[in-house]
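Working notes, beginning with the structure itself.
The values are calculated or read from the model by the stated rules, or taken from the named source; none is laboratory data. None of these values were measured; they are calculated from a predicted model. Every residue, glycine among them, receives a Cβ derived from its backbone with ideal geometry; neighbour counts consider all protein chains shown. Accessible surface is based on the protein model in full, side chains and every heavy atom, while ligands, DNA and RNA are left aside. Shrake-Rupley method; radii C 1.70, N 1.55, O 1.52, S 1.80 Å.
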Amino acid sequence: GKAGDRHDIIRTHSCQYDQKTGDIACGGDVRIDAMSASDAELAERNPSLAEARATRVETRGVTFNRESGLASTNERVTFSFPSGTGDGTGLQYNSDEGTLRLLHDVRLRLTQAPATAAKKTGVSAAVDPHAGQDVRVKGSSLDFSRDSRLLHLLGPTEAETAAERMTAGELTLMLDDDFRAQTLIASTSGTDRPRVVSTKPGEEMNLQSDTLTAHFVPEGWITKLDAAGHVTGFRKNDTDEDAMAGDTGTLTFWPRFSQPKELNVNGNAVLRTKEEKTGDTRTLQTSGFRMEFSGGTEHESSRPLTAETLAAGTMEWTDSATQGGVIVPVRTQLQADKLAMTFTDATGKPKEVHANGNVRTERWLTGHPVQTA
């Protein structure tokens, strides 16, 4: 490195050195161990830290230039770093800056170490069987800065855990000090908008926007999704389906099982729900609303508990009424400075609606004048 802060080693069977160009051509198998000078000092004092501190690259046919510090190849490349492995085609490694570029067909696997939790006796630690999820990432090319722990993938890209799948035009992944996934930023490129899909038995959910930011804990769970720009979302299970839209949104999850915990949507917010059995619908329009969900257990599907507007709102719903022995649709509209709804714990169906401040209701029943209060 130019500042003497690198400690990279290239190992191979044989090489040829061109004195005129300064190129070193290694035609056979090549292994590059990339490490900072400070990490090398730690590994020298404690050899067991060597693998935990180094980024190892294995490939063939590498050309290395001493003057520029650039190593490159067009062959297949595999590499590993603390808490992760990957492969791709074509490599450019800048030893001055400690940056690695994979040129084509990139695949990553980020292994999140399982957490340990102390048993009730306090004597030993037990491994949480639901921790240690892997994050699998794909992209067309990759820029990886080891020292800043930053990965930037060009798309189309995708990132996948056991329960969620994210696709986007570009992905930027920030790792923590132990090289575990910490923050994943998905951006739009061309027509490829970021989208997250979560599928569980009996439930489907997706979220789409111009930008999506996923936050991870060291064990691999997604704790929060931040969405910005033309946000749309959809959730469906055996009993009902929900659709929402807004300018920005935040979805937090219960830990371990990636069940929705709280949803906040702001700016031109619209929430639509539909009961599968009856076909009854509900629509809420406001500048911002919040919804809380039950869940947080392995065998319990997350269900809505409460929903409230953060500003004035309008709610409209349809249900059915019997008129002359015939079932006819009834449409009701409710306006207020603040609206709130509670849901039944067992089924997640609406239980009560509360309206406060400048309340106005209108009800339309076939063959009758509009009822206003």
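Report yes if some residue within the range 262-269 is without any contact (Cβ under 8 Å) to a residue 24 or more places away in the chain and more than 30 Å from Ile327 (Cβ to Cβ); otherwise report no. Give the derivation first.
Of the residues in the range 262-269, the ones without any contact (Cβ under 8 Å) to a residue 24 or more places away in the chain are 267-268.
Remaining after also requiring more than 30 Å from Ile327 (Cβ to Cβ): 267-268.
For the range 262-269, residues without any contact (Cβ under 8 Å) to a residue 24 or more places away in the chain and more than 30 Å from Ile327 (Cβ to Cβ): present.
Give the range 47-63 a look and list any residue that's at pLDDT below 90 and either assigned to a loop (DSSP other than H, G, I, E, B) or farther than 20 Å from Leu150 by Cα (or both), or say none. If you could, list the steps in order and put the result at the bottom.
At the first step, the residues of the range 47-63 found to be at pLDDT below 90 are 47-56.
Selection gives Pro47, Ser48, Leu49, Ala50, Ala54.
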*asked:* Here's a check for you: in the range 74-86, which residue that is touching a Lys or Arg at 6+ places or on another chain (Cβ under 8 Å) and at pLDDT 95 or above is surrounded by the fewest Cβ atoms within 10 Å (Cβ to Cβ)?
replied: Glu75
*asked:* Condition (residue is within 29 Å of Val197 (Cβ to Cβ), of a type outside the set (Gly, Ala, Ser) and open to solvent by less than 70 Å² (accessible area, probe 1.4 Å)) applied to the range 354-371: is it met by at least one residue?
replied: no
_Is it the case, given these coordinates, that Glu44 is part of a loop (DSSP other than H, G, I, E, B), of a type in the set (Asp, Glu) and more than 36 Å from the chain's Cα centre (by Cα)?_
no
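Being loosely packed, with under 13 Cβ neighbours inside 10 Å and either assigned to a strand (DSSP E or B) or within 33 Å of the chain's Cα centre (by Cα) (or both) narrows it down to one of Ser38, Ser14, so name that one.
On the way: Ser14 fails: either assigned to a strand (DSSP E or B) or within 33 Å of the chain's Cα centre (by Cα) (or both).
Step by step, each of Ser38, Ser14 is checked, and only Ser38 is loosely packed, with under 13 Cβ neighbours inside 10 Å and either assigned to a strand (DSSP E or B) or within 33 Å of the chain's Cα centre (by Cα) (or both).
Among residues belonging to the range 342-353 that are without any contact (Cβ under 8 Å) to a residue 40 or more places away in the chain and assigned to a strand (DSSP E or B), point out the one that is surrounded by the fewest Cβ atoms within 10 Å (Cβ to Cβ).
Our first condition is that a residue be without any contact (Cβ under 8 Å) to a residue 40 or more places away in the chain; within the range 342-353, this holds for 342, 344, 346, 351-353.
Within this subset, residues satisfying the condition of being assigned to a strand (DSSP E or B) are 342, 351-353.
On the way: Thr342: 15, Lys351: 13, Glu352: 10, Val353: 16.
Among residues in the range 342-353 that are without any contact (Cβ under 8 Å) to a residue 40 or more places away in the chain and assigned to a strand (DSSP E or B), the one surrounded by the fewest Cβ atoms within 10 Å (Cβ to Cβ) is Glu352.
Collect the residues in the range 321-330 that are closer than 29 Å to Val265 by Cβ and touching a residue at least 40 places away in the same chain (Cβ under 8 Å), keeping them in residue-number order. Lay out the reasoning, then the answer.
Taking the range 321-330 as the starting set, the residues that turn out to be closer than 29 Å to Val265 by Cβ are 329-330.
Matches in the range 321-330: none.
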*Only one of these conditions is not met by Met174: (1) among the hydrophobic types (A, V, I, L, M, F, W, C); (2) open to solvent by 40 Å² or more (accessible area, probe 1.4 Å); (3) part of a loop (DSSP other than H, G, I, E, B). Which number is it?*
(3)
*Could you look through the range 311-334, keep only residues that are open to solvent by 70 Å² or more (accessible area, probe 1.4 Å) and part of a strand (DSSP E or B), and pick out the one that is nearest to Pro201 (Cα to Cα)?*
Ser320
*Restricting attention to the range 212-231, does a residue exist that is at pLDDT 90 or above, in a loop (DSSP other than H, G, I, E, B), of a type outside the set (Val, Ile, Thr) and in contact with an Asp or Glu (Cβ under 7 Å, 6 or more places away or on another chain)?*
no
